[in-house]
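Note sheet for the following structure.
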Amino acid sequence: VYFEDVVERSEKELVCPEMGKAVADHLSVVDILRHEVVVWLRESEEHLLPFSSVGTRLRPSPVAALICEACRKELNTDLCLINGASIMGKKVYPVISYSNEEGYEINSAQLTYAQLQDELPFPTKMVVVALTGQVIADAIKFARLDGPIDQEKRGYLQHDYRTQVDEKNDVTHINSKPFDSRRVYVVA
């Protein structure tokens, strides 16, 4: 076994042609999938419109709420909190209107895999912990009141859409149930 300094080599010298072709072939499938719709808001999620990730370090974001909701469901927790700084798309997605089976007009939005990658460009590590309601409430309030109201917060906590926080930044509901400061919640 020996170590070889490859800093001085060109990119052509570093890539085996056969391996380069195999990797390119496999990545071509991923490239096709990048433009596939992976999120289509359901009728019950119309409250997330306008569907936006603008200001995720300043205010609640519908895109962040949907990402948190997906994590909450997947990890089977009471709620999910994500630092708003990790959601970076800074985009308002267009509203798409269509008629449902009963003929009512429904407004929706969609997100492609590429757009989801733009929203979450870096790996977001998740842990599941048990926290009292009071600790959760204190963390959310502190994260949102850290600095002037119109200044982005480094630790602004986004939450799933089953968690509700009022205009005074007090938690009122977790998992669509009234908030209990003494209860221990399972948090992603």
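The values are calculated or read from the model by the stated rules, or taken from the named source; none is laboratory data. It should be emphasised that the depicted structure is a prediction, and the values quoted were computed from it without experimental measurement. When we count neighbours, we look across all protein chains shown, and the Cβ atoms used for this are built from the backbone with ideal geometry, even at glycine. Areas reflect the complete protein model, heavy atoms only, side chains present, ligands, DNA and RNA absent. Shrake-Rupley method; radii C 1.70, N 1.55, O 1.52, S 1.80 Å.
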Checklist entry - How many residues, within region 28-69, are outside any loop (DSSP other than H, G, I, E, B) and open to solvent by less than 60 Å² (accessible area, probe 1.4 Å)? => result 13
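Could you grab me the full set of residues in region 82-116 that are open to solvent by 30 Å² or more (accessible area, probe 1.4 Å) and among the aliphatic types (A, V, I, L, M)? Steps first, answer last, please.
Applying the first criterion (open to solvent by 30 Å² or more (accessible area, probe 1.4 Å)) to region 82-116 yields 83, 85-86, 88, 90-92, 94-99, 101-105, 107, 110, 113, 115-116.
Within region 82-116, 85, 88, 92, 95, 96, 116 qualify.
If I filter region 154-188 down to residues being among the small types (Gly, Ala, Ser) and either touching a Ser or Thr at 6+ places or on another chain (Cβ under 9 Å) or free of Cβ contacts under 8 Å to residues at least 40 places away in the same chain (or both), which single residue comes out as most open to solvent (accessible area, probe 1.4 Å)?
Going residue by residue through region 154-188, those that are among the small types (Gly, Ala, Ser) are 155, 176, 181, 188.
Subset that is either touching a Ser or Thr at 6+ places or on another chain (Cβ under 9 Å) or free of Cβ contacts under 8 Å to residues at least 40 places away in the same chain (or both): 176, 181, 188.
On the way: 176: 67, 181: 41, 188: 11 Å².
Residue satisfying both the conditions and the ranking: 176.
Okay, residues lined up against (1) closer than 23 Å to residue 49 by Cα; (2) β-branched (Val, Ile, Thr):
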| position | (1), (2) |
| --- | --- |
| 124 | no, yes |
| 135 | no, yes |
| 142 | no, no |
| 164 | yes, no |
Item to check | Every residue from region 119-146 that is touching a residue at least 24 places away in the same chain (Cβ under 8 Å), more than 20 Å from residue 67 (Cα to Cα) and open to solvent by 80 Å² or more (accessible area, probe 1.4 Å) | outcome: 134, 145
Checklist entry - Considering region 128-154 alone, what residues qualify as being of a type in the set (D, E, K, R) and in a helix (DSSP H, G or I)? => result 138, 141, 144
